[in-house]
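In what follows, a single structure is set out as structure tokens and then discussed.
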């Protein structure tokens, strides 16, 4: 049965474009047959704006240095340091009422894994996926494609910060909130709930006011040092900070 596009029941136009970005590590250039439908895509081709780019150690040493720095991290699969080629799958496509474009991008990732890729770096969720895990997952429900998360941190002064990562895949801004010690669980639930709304197509933009979890909030473009302390997180794009009203 063909894969159906993932719907977005709360879809509102606006909010930004989908920007998936996956890097597939490989021992060398791969022999490829891009049958996206066989790998769980609801559409036969990558939509305009998405593509697959090959980088090799010899031709792109600056890319290789970046990829090697990721592969050297403790949580990375150890075999990645032997990679000599990398495929970047991603681009920018307009936000739509379904996530067919994101599903197609993940199907291209599965094509690369099946051809011999060893692991996938999710540049937006900042996480690793082993190639076999990508292939073992049900292609009709490729949750790995849409991975996003809520993360907690603590600054030296005791300030708790909670933020999302990965929402740019859905054409939505990531979120961050700050609070005193003991507020982390509450903030985590708040951002998780709002993140789910954004995944399903809702829009939240700078200046918007909302009520969530019994709290009145305002979303404002995060400016470190002005409306919140700097945090050690490499956000893909400027997130929204949630301020109590």
message: I'm checking my understanding of the structure. Among residues of segment 171-191 that are in a helix (DSSP H, G or I) and touching a residue at least 24 places away in the same chain (Cβ under 8 Å), which one is nearest to residue 158 (Cα to Cα)?
response: 184
message: Any residue at all in segment 113-130 that's at pLDDT 95 or above, assigned to a helix (DSSP H, G or I) and under 21 Å from residue 66 (Cβ atoms)?
response: yes
statement: Checking 45, 39, 88 in turn, the sole residue that is without any contact (Cβ under 8 Å) to a residue 60 or more places away in the chain and touching a helix residue (DSSP H, G or I) at 6+ places or on another chain (Cβ under 9 Å) turns out to be 45
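Here's the yes/no breakdown for (1) more than 15 Å from the chain's Cα centre (by Cα); (2) outside the structural domain of residue 75 (by TED's automatic domain parsing); (3) in contact (Cβ under 8 Å) with a residue 24 or more places away in the chain:
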{"residue": "109", "(1), (2), (3)": "no, no, yes"}
{"residue": "115", "(1), (2), (3)": "yes, no, yes"}
{"residue": "120", "(1), (2), (3)": "no, no, yes"}
{"residue": "142", "(1), (2), (3)": "no, no, yes"}
{"residue": "162", "(1), (2), (3)": "yes, yes, yes"}
{"residue": "165", "(1), (2), (3)": "no, yes, yes"}
query: residue 85 is checked against (1) within 21 Å of the chain's Cα centre (by Cα); (2) modelled with pLDDT of 95 or more and fails just one. What number does that condition carry?
result: (1)
query: Do we have any residue at all in segment 40-58 that's surrounded by 11 or more Cβ atoms within 10 Å (Cβ to Cβ) and in a helix (DSSP H, G or I)?
result: no
query: Does any residue of segment 161-180 turn out to be loosely packed, with under 14 Cβ neighbours inside 10 Å and in contact with a strand residue (DSSP E or B) (Cβ under 6 Å, 6 or more places away or on another chain)?
result: no
message: Filter segment 87-101 down to the residues that are surrounded by fewer than 19 Cβ atoms within 10 Å (Cβ to Cβ) and in a loop (DSSP other than H, G, I, E, B) and list them by number.
response: 92, 94, 96, 97
Selected residue (only one of 80, 32 is in contact with a strand residue (DSSP E or B) (Cβ under 9 Å, 6 or more places away or on another chain), farther than 26 Å from residue 148 by Cα and modelled with pLDDT under 95): 32
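The values are calculated or read from the model by the stated rules, or taken from the named source; none is laboratory data. In this text the structure is predicted, and so the values were computed from the model without any measurement. Cβ coordinates were reconstructed from backbone atoms using ideal geometry, including for glycine residues, and neighbour counts include every protein chain displayed.
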